[in-house]
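Quick notes on the structure that follows.
The values are calculated or read from the model by the stated rules, or taken from the named source; none is laboratory data. Since we're looking at a predicted model, the values are computed, not measured. Methodologically, a virtual Cβ is constructed for each residue, glycine included, from the backbone with ideal geometry; neighbour enumeration extends over all protein chains shown. Surface accessibility is based on the protein's heavy atoms, side chains included, excluding ligands, DNA and RNA. Shrake-Rupley method; radii C 1.70, N 1.55, O 1.52, S 1.80 Å.
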Amino acid sequence: MPTLLADAGSGSGDPDLGLLKAVNGLAADAPGWLDSLVAWTAEYGILLGLAAIGLTAWLSARRRPDAPVAVAGVLWAPLAVAIAELANLPISKLVDRPRPFVTHPELDVLVPGKEDTLSFVSDHSAMSMGIAVALFLVNRRLGLAAGALALLQGFCRLFVGVHYPTDVLGGYALATAVVLLLAPIAMAVLVPLCHALSRGALRPLVVARTAAADSGRRRQPAPSGRRSGRRAGRDRGRDHEPDHESDLAA
């Protein structure tokens, strides 16, 4: 059955296959422990690193003055990834592109068990970039760190021989489109939800205790007794001022 996207290998000058073989060829020359490390990183390590960055972003968002809005932005990251993965189901079926090692058995495959799955788009790349773009909208520093991991994820998918470069780029594009295009709708729902949660029993999930205390201190007016004391002091000062008009009259 013909596919919408070629199998990237019918021509010797195909850049998609050429780049894949160049990166995957590094695995053949690398020691076994490095291949195993990259394989684990490609499958699990980067996703765990992104989860740690997401947790850091949530903890940081809870301490911000606009905590409900910031937490809503962090919450959008995993939701956007879920939507991107759902969107990829029909895309993958429509494109129907086999894994590169199926049509090119000369590739060095470091992650077995993917023979019956499709290649376009790369799920791991989509998940990584979706988290990175969503977090960048909330916290640029953490978003850039997540973006670096997303780029590393794409490289690792080529290194282990399970994706073409265009699979990785397709995952990046799909995730970025979902995050940016649906963000206004998502925030219109998530921001009021986080505001509502901040007023209930789940408030610690949205606003940190220190942030809440600081906000309360900023809103608390000065004690009335202190103000009245300052006023009384000013009145006593005026009582001791010399009455120049009386002295001139005398």
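Below 12 angstrom from the Cβ of Asp35, what's the summed charge of the other residues (Lys, Arg +1; Asp, Glu -1)?
-2
For the stretch 1-154, carbon and sulfur atoms together expose 68% of the accessible surface, with a 1.4 angstrom probe and every protein chain in place. Let me make sure I get this right: for the stretch 134-207, a, b and c are the square roots of the gyration tensor eigenvalues over alpha carbons, sorted descending. Under 1.5 in a/c it's rounded, otherwise prolate if a/b > b/c, else oblate. Which is it? Here the stretch 134-207 falls in the prolate category.
With r defined as the distance between the Cβ atoms of Thr117 and Ala87 and R0 fixed at 22 Å, what FRET efficiency is calculated, to the nearest 0.05? Computed FRET efficiency for Thr117 and Ala87: 0.85.
Residues whose amide H falls under 5 Å from that of His104, counting only those 5 or more places apart or on a different chain, are absent, with hydrogens built in the peptide plane. Relative to the compact-globule estimate of 2.2 N^0.38 Å, the Cα radius of gyration of the stretch 49-90 comes out at 1.35. The Cβ shell under 11 Å around Gly171 holds other residues with a net charge of -2, Lys and Arg each +1, Asp and Glu each -1. Within 10 Å of each candidate Cβ there may be at most 11 other Cβ atoms; applying that plus a DSSP loop requirement, which GluC sites (Glu not before Pro) in the stretch 62-130 survive? Those satisfying the criteria are Glu106, Glu115. Computed log10 I(q)/I(0) for the stretch 17-82 at 0.18 Å⁻¹: -0.75, from the Debye equation with unit scatterers placed on every C-alpha and solvent omitted.
Based on alpha-carbon atoms only, what is the radius of gyration of the stretch 113-169 relative to the globular estimate 2.2 N^0.38 Å? Could the numbers behind the result be given before it?
Details: Rg = 12.3 Å, N = 57, 2.2 N^0.38 = 10.2 Å.
The reported ratio for this selection is 1.20.
Based on the convex hull around the alpha carbon atoms, the stretch 60-218 presents an average projected area of 10.8 nm².
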